[in-house]
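The values are calculated or read from the model by the stated rules, or taken from the named source; none is laboratory data. Treat the numbers as computed from the prediction; the structure is a model and nothing was measured. We place every Cβ from the backbone using ideal geometry, glycine too, and count neighbours over all the protein chains shown.
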Amino acid sequence: MAPMVNPKAGDAPGGNWDRMMAAGQAGDADVYRALLAELAPWLHRYYLRRLPPAMTEDAVQDVLLAVHEKRHTYDPTRPFGPWLAAIARYKWIDRLRSLKSEPTEPPDENIGVPDHEEAVVTGSTFHQLLAELKAPQAEAIRLVKLEGYSVEEASSATGQSISLIKVNIHRGLMRLASIIRKAGDVH
C-alpha cells in the first residue's frame with residue numbers, strides 16, 4: 001500500500017488549514033469554502049499517484065463531501081492534515097475495493113474460443129508418424145525441423161556427425177512421405 005502522506009499547513013497556498021477548518025466549524029462559510037477550494041488541488045495530486053486518472057476527480061469529490069459531512073468530528077486542538085489524510089486514505093481504499101469488485105467492461109456474451117482441434121490432431125498425427133521412423137531419424141527431424149536447431153547443434157546434442165544428421169533427416173523425410181502416400185492409397 002502507498003504510504004500515508006500528511007498534508008502540512010505549508011501545503012495550503014492561502015493560509016493555515018487548521019485555522020481555516022476551525023473557522024469553518026465556527027460558522028465562517030467564506031473561510032470554509034476557501035478551505036475546500038484549497039484542499040482540492042492537494043487531493044488531486046494525492047490521487048493522481050494512487051488511482052487511474054479517470055477516477056481521480058470522483059475520489060477528490062468523495063473526500064470533499066466526507067470532510068463536509070464529518071466536519072463536526074474534527075478536533076481543532078489537533079492538526080488538520082492527518083485528519084484529512086486519514087479520510088483521503090479510507091476513500092482511496094474504497095476506490096481500490098471497487099476496482100476489484102466491478103469489472104471495467106461487461107464480458108462479451110459472444111466470446112469466441114479458438115478451436116485447437118486441428119492443431120492437436122495434426123501434432124498427435126505427426127508424433128505418431130515420427131514413431132514409425134528409426135530413433136536417430138526421428139530425433140534429427142525433431143531437433144532440426146521442429147525445434148529449430150542448426151545441423152551443428154543437433155550433431156552436438158545427439159552425438160551424430162553433421163553428415164549423419166543430414167542423412168537421417170533426408171532418409172526420415174523420404175520415409176514419412178512414403179508412409180503418407182501409402183495411407184492415402186488405403187483410404
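Tell me which residues, restricted to the range 165-177, are surrounded by fewer than 16 Cβ atoms within 10 Å (Cβ to Cβ) and modelled with pLDDT of 90 or more.
Matches in the range 165-177: 167, 170, 173, 174.
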Any residue at all in the range 4-16 that is in a helix (DSSP H, G or I), in the same structural domain as residue 88 (by TED's automatic domain parsing), in contact with a helix residue (DSSP H, G or I) (Cβ under 8 Å, 6 or more places away or on another chain) and modelled with pLDDT of 85 or more? no
Go through the range 138-150 and count every residue that is in contact with a Leu (Cβ under 9 Å, 6 or more places away or on another chain), at pLDDT 90 or above and surrounded by fewer than 16 Cβ atoms within 10 Å (Cβ to Cβ). 0
Being surrounded by 13 or more Cβ atoms within 10 Å (Cβ to Cβ), farther than 28 Å from residue 100 by Cα and at pLDDT 90 or above narrows 45, 71, 33 down to just 71
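Identify the residue in the range 39-86 that is among the charged types (D, E, K, R) and outside any helix (DSSP H, G or I) and, among all such residues, is nearest to residue 27 (Cα to Cα).
Of the range 39-86, the ones among the charged types (D, E, K, R) are 45, 49-50, 57-58, 62, 69-71, 75, 78.
Now drop any that are not outside any helix (DSSP H, G or I), which leaves 49-50, 75, 78.
Values: 49: 34, 50: 34, 75: 15, 78: 19 Å.
Restricting to residues being among the charged types (D, E, K, R) and outside any helix (DSSP H, G or I), the top hit is 75.
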